[in-house]
Amino acid sequence: MRDKVEAALAKVRPYLQNDGGDVELVDITDKGIVMVRLTGRCKGCPMSKVTLRNTVERFVLKEVREVKGVENIDE
């Protein structure tokens, strides 16, 4: 499943990178939750939650049926 998630993230990266941001896969839980880290200009951006739900999560859920959700890890 990790390869499928990475492929889905690769499709969303150009949108994030266009605005100076990016996304990194951190982990996938046993319950199908994909843990990511938003980086670059996305990290700490007031709109990052919207970006996570409307862009990153939408792409991943569409591409990988086993995934139940996407969560951002702020570190």
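The values are calculated or read from the model by the stated rules, or taken from the named source; none is laboratory data. All values reported here derive from a predicted model rather than from experimental measurement. Please note: Cβ atoms are built from the backbone with ideal geometry, for glycine as well, and neighbour counts cover all protein chains shown. Areas reflect the complete protein model, heavy atoms only, side chains present, ligands, DNA and RNA absent. Shrake-Rupley method; radii C 1.70, N 1.55, O 1.52, S 1.80 Å.
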Test for Lys11: is it basic (Lys, Arg), in contact (Cβ under 8 Å) with a residue 40 or more places away in the chain and open to solvent by 50 Å² or more (accessible area, probe 1.4 Å): yes
Quick one: Met1 ticks every box in (1) free of Cβ contacts under 8 Å to residues at least 60 places away in the same chain; (2) open to solvent by 50 Å² or more (accessible area, probe 1.4 Å) bar one, so which box is it? (1)
Which ones in region 29-68 are at positive phi and surrounded by 13 or more Cβ atoms within 10 Å (Cβ to Cβ)? Gly32, Gly40
Could we say that Leu16 is surrounded by 12 or more Cβ atoms within 10 Å (Cβ to Cβ) and either outside any helix (DSSP H, G or I) or within 8 Å of the chain's Cα centre (by Cα) (or both) here? no
Of all residues in region 29-58 being of a type in the set (A, V, I, L, M, F, W, C) and either outside any strand (DSSP E or B) or in contact with a helix residue (DSSP H, G or I) (Cβ under 6 Å, 6 or more places away or on another chain) (or both), the one that is modelled with the highest pLDDT: Val34
Collect the residues in region 42-67 that are under 19 Å from Lys11 (Cβ atoms) and among the basic types (Lys, Arg), keeping them in residue-number order. Arg53, Arg58, Lys62, Arg65
